[in-house]
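As structure tokens, the structure follows; a few thoughts come after it.
The values are calculated or read from the model by the stated rules, or taken from the named source; none is laboratory data. All values derive from a computational prediction rather than experimental measurement. Every residue, glycine among them, receives a Cβ derived from its backbone with ideal geometry; neighbour counts consider all protein chains shown. Just the protein is used for accessible areas: all its heavy atoms, side chains included, with ligands, DNA and RNA removed. Shrake-Rupley method; radii C 1.70, N 1.55, O 1.52, S 1.80 Å.
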Amino acid sequence: MMKFIHAADCHIDAPLDGLSAYDGAPVDVFRTATRSAFAALIDRAIDERVDFMVLAGDIFDGAWREMNTPLFFVRQMARLDRAGIQAYVLRGNHDAESEIGGKLPLPANVHLFSARAPETFRLELPDVKVALHGQSFRTTAVTENLVREYPPALPGWLNIGVLHTGLEGGTVHASYAPCSLEELTRKGYQYFALGHIHAHGVLCPTVDRHAG
Ligand SMILES: [Mn+2]
């Protein structure tokens, strides 16, 4: 059976501002919390022997303050590579191309979605063919509807849309790459891996079973 992990908004090395205001706060634990969480996610992917991983934006928290931040990410991706796990990565508002333009020495298992136009990556597994469609953020504030230009579902493939979006807004998160839930379902994809809203949620529980 095919297995994958969908994660987003890891915000690696985000400074935990305001923490010093709390007397007795475990500052050391918090300082490394985003890295520990990300490494634990990679542990889980390897333990579960997933086929691939989807990271739907905001892996980083903004421009790197130190080169250790991207190098940490590269090391974690290399762990996946050694385990034969593919990673599909999208840039969000915090790690938009304009913000983080630096070229990373990414291992061959990492597939970074283009910020110019929607891009499709294909992964043919023994029991299912997977097509992942996505477009990265080019700037930190993408206010146009990106998903409108995503390609139609590939018949006979398990289609996964990858998108960093505020959906229709109305939350505390900025309404970037807005779109409606109905627009997403109309694409006919079998799954959407969303990011941006920092909460787990199943927005559309009636996902069609993949036909193939
Ligand atoms: Mn975001």
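Considering only DSSP states other than H, G, I, E and B, which GluC sites (Glu not before Pro) in the range 116-154 qualify as loop sites with at most 14 other Cβ atoms within 10 Å? Passing both the DSSP loop test and the Cβ count: 144.
For the chain, the Cβ-based charge dipole about the Cα centre amounts to some 560 debye (Lys, Arg positive; Asp, Glu negative; other atoms uncharged).
Give the angle, between 0 and 90 degrees and rounded to the nearest 10, that separates the Cα long axis of helix 68-82 from the longest principal axis of the Cα atoms of the chain. For 68-82 against the chain, the angle is about 40 degrees.
Sum -39500 (n - 2.57) across every DSSP H segment of at least 4 residues in the chain, then divide by the residue count to get the 222 nm mean residue ellipticity, nearest 500.
Details: 4 runs with 41 residues, N = 212.
Helix contribution divided over all residues of the chain: -5500 deg cm²/dmol.
Return the ratio Rg/(2.2 N^0.38 Å) for the range 1-96, where Rg is computed over Cα atoms only. Write out the running numbers ahead of the final one.
On the way: Rg = 14.5 Å, N = 96, 2.2 N^0.38 = 12.5 Å.
For the range 1-96, the normalised Cα radius of gyration comes out at 1.16.
Taking a straight line from the alpha carbon of residue 187, these aspartates and glutamates sit under 20 Å away, with near neighbours fewer than eight places off in the same chain left out: 119, 144, 149, 168, 208.
Across the range 143-191, Cα-Cα distances exceeding 18 Å account for 30% of all pairs.
First compute the accessible area of the chain with a 1.4 Å probe, then give the percent of it belonging to carbon and sulfur atoms. Walk me through the numbers before you get to the answer.
Values: 5890 of 11170 Å².
Whole-percent figure for carbon plus sulfur exposure: 53.
Using heavy atoms of the protein chains and a probe of 1.4 Å, the accessible area assigned to residue 197 is about 60 Å². Model label points for residue 19 and residue 203, set 7 angstrom from Cα along the Cα-to-Cβ axis, are 3.1 nm apart. The distance from the alpha carbon centre of the range 104-176 to that of the range 1-67 is 20 Å, rounded to a whole number.
Can you give me the accessible area per residue for the chain, using a 1.4 Å probe, in Å²? Display every interim value, and only then the final one.
On the way: 11170 Å² over 212 residues.
Heavy-atom accessible area per residue stands at 53 Å².
Determine the equivalent ellipsoid of the chain by diagonalising the alpha-carbon gyration tensor, then write out the semi-axes as square roots of 5 times the eigenvalues, largest first, rounded to whole Å. Could you put the intermediate results ahead of the total?
Numbers: eigenvalues 154, 89, 54 Å².
Sorted largest first and rounded, they come to 28, 21, 16 Å.
Rounded to the nearest 5, what is the percent of antiparallel bridges among the DSSP beta bridges in the chain?
Working: 6 of 29 bridges.
Here the share of antiparallel DSSP bridges comes out near 20 percent.
Residue order by solvent-accessible surface for 176, 189 is 176, 189, largest first, with ligands and nucleic acids left out and a 1.4 Å probe. Among the GluC sites (Glu not before Pro) found in the range 46-109, those both in a DSSP coil and sparsely packed, with 16 or fewer other Cβ atoms within 10 Å of their Cβ, are 48, 66, 97.
Write out the trypsin sites (Lys or Arg not before Pro) in the range 76-111 meeting two conditions: DSSP loop, and at most 15 other Cβ atoms within 10 Å of their Cβ.
Details: sites: 79, 82, 91, 103; in loops: 91, 103.
When the trypsin sites (Lys or Arg not before Pro) of the range 76-111 are filtered for loop state and at most 15 Cβ neighbours within 10 Å, 103 remain.
How would you classify the range 67-145 from its alpha-carbon gyration tensor, with a ≥ b ≥ c the square roots of the eigenvalues: rounded for a/c under 1.5, else prolate if a/b is greater than b/c, otherwise oblate? Cα axes put the range 67-145 in the oblate bin.
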